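Computed from the coordinates by the stated procedures, all read-outs in this text should not be read as laboratory data. Because the structure is predicted, anything quoted here is derived from the model rather than measured. Here the Cβ positions follow ideal geometry from the backbone for every residue, glycine too, while neighbour counts run over all protein chains shown.
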Amino acid sequence: MPEGDTVLQTAQRLHTALAGRLLTRSDLRVPRFATADLTGRTVLDVTPRGKHILTRVEGGLTLHSHLRMDGAWRVYGPDERWRGGPGHQIRAVLGNAERVAVGYRLPVLELLQTADEESVVGHLGPDILGPDWDPDTALRNLLADPARTVGEALLDQRNLAGIGNVFRCETCFLARTTPWLPIGDLPAPQQLVTAAKKLLEANRARSRRHLYVYGRGGLPCRRCGTPISKTTEDDRPVYWCPRCQLGPVP
Ligand SMILES: [Zn+2]
C-alpha cells in the first residue's frame, strides 16, 4: 500500500515532469475516458490530496488517480524504455516534448471538473477567490496545528484553498516571516490571510504577475535592497528576503 509520502513523491515527480508544459501526448486507457484527449492543454500542477493525485490541466479539468495497492506512475525520458510493467497494465500516458508519465495498474482514473474535486477527495478550506471566502475560518484552520511551519500550513488546501508555491513565497514576504517559522509563533498570523487574499486578487486583475521574491534569487529585495535568497525544497524553489523576513532558514 503506498503511504502518504509515496503519493507525495509521486505527485512531485509528476509535477516536475509535467507542470507548466503543454501536453503533446494523452492516452487514457479506461473505457469511460478512452476518447478524452488532453493534448494541447498545459498542465497547471500535480497535487497530492491524501492518497489521491490530482493532475490539473488548463480548461478547468482534473485527472484524478489513486494508487491503492500497487498502482504507480513512472516518468521517462523520450528515448527511455518503459519498465513499469507489461503494456496491458498501462492505464494512462501523459507526455510533453521532454518527458512522458505512464500510469500502471491505477484502480482509479477519472477525468473531472476541477471545481468538482471536493466531491471525490474531501473537504477543501475556504477558497481565497471563491464566493464562500471566509478569512476567520481560514485563520482558524491555519492555526489548528501551531507546530506546523507557515509554509506547510499555507500549502495545505484543507486550511485555505488556492495557494501554490509561488504565492506561498509571496505571502510569506508580505507577512514578513520565513516559511520555516512554526505558525503558532507568528505574532500577527491574520496578516498571512490578508496578504494571501490581496496577492491572489491582484494577480487575478493583472495579466502579468508582479512578484516580490519568487523567481528573483540574487536580485535586490524590492523593499530593502538585500539580495533575495533561494533554496529548493521538495523539488520546489523557495525564495525569501533574509532581511525583511524573520524566522528560521534552512
Ligand atoms: Zn528585504
Simple spin-label estimate for ALA144/GLN12, 7 Å along Cα→Cβ, in nm, reads 2.4
List the residues of the stretch 10-42 whose backbone N lies under 19 Å from a point placed 7 Å from the Cα of GLU98 along the Cα-to-Cβ direction.
10-26, 40-42
When the helices in the chain are scored as -39500 (n - 2.57) per DSSP H run of 4 or longer and the sum is shared across all residues, what 222 nm value do you end up with, to the nearest 500 deg cm²/dmol?
-7000 deg cm²/dmol
Want the number for THR137 to ARG83: 0.36 nm per residue separation, take away the alpha-carbon distance, what's left?
14.8 nm
Relative contact order for the chain, counting Cα pairs under 8 Å that sit 6 or more residues apart, in percent:
14
Can you pull out the GluC sites (Glu not before Pro) in the stretch 72-164 that DSSP calls coil and that have at most 15 other Cβ atoms within 10 Å?
GLU80, GLU98
Label points 7 Å out from Cα along the Cβ direction at ARG243 and ARG158: separation in nm?
4.0
Where labels lie 7 Å past Cα in the beta-carbon direction, separation of ARG21 and ASP234 in nm
2.2
Could you grab the relative contact order for the stretch 119-250? Cα pairs under 8 Å, six or more apart, rounded to a whole percent.
24
Tell me, what is the FRET efficiency for LEU219 and ALA115 to the nearest 0.05, using R0 = 30 angstrom and their Cβ-Cβ distance as r?
0.25
For SER26, SER65, ascending order of other Cβ atoms within 10 Å (fewest first) is SER26, SER65
Sort the stretch 4-121 into rounded, prolate or oblate with this rule: let a ≥ b ≥ c be the square roots of the eigenvalues of the Cα gyration tensor; rounded if a/c is under 1.5, and if a/c is not under 1.5, prolate when a/b is larger than b/c, oblate otherwise.
rounded
Using DSSP loop states and a limit of at most 11 other Cβ atoms within 10 Å to flag trypsin sites (Lys or Arg not before Pro), what is the longest stretch of the chain containing no flagged site?
84-205
Can you compute the label reach from ARG29? Point 7 Å from Cα along the Cβ direction, backbone N cut-off under 16 Å, restricted to the stretch 86-107.
86-95, 100-107
Quick one: grab Rg to one decimal and Dmax as a whole number for the chain, Cα atoms only, in Å.
19.1, 58
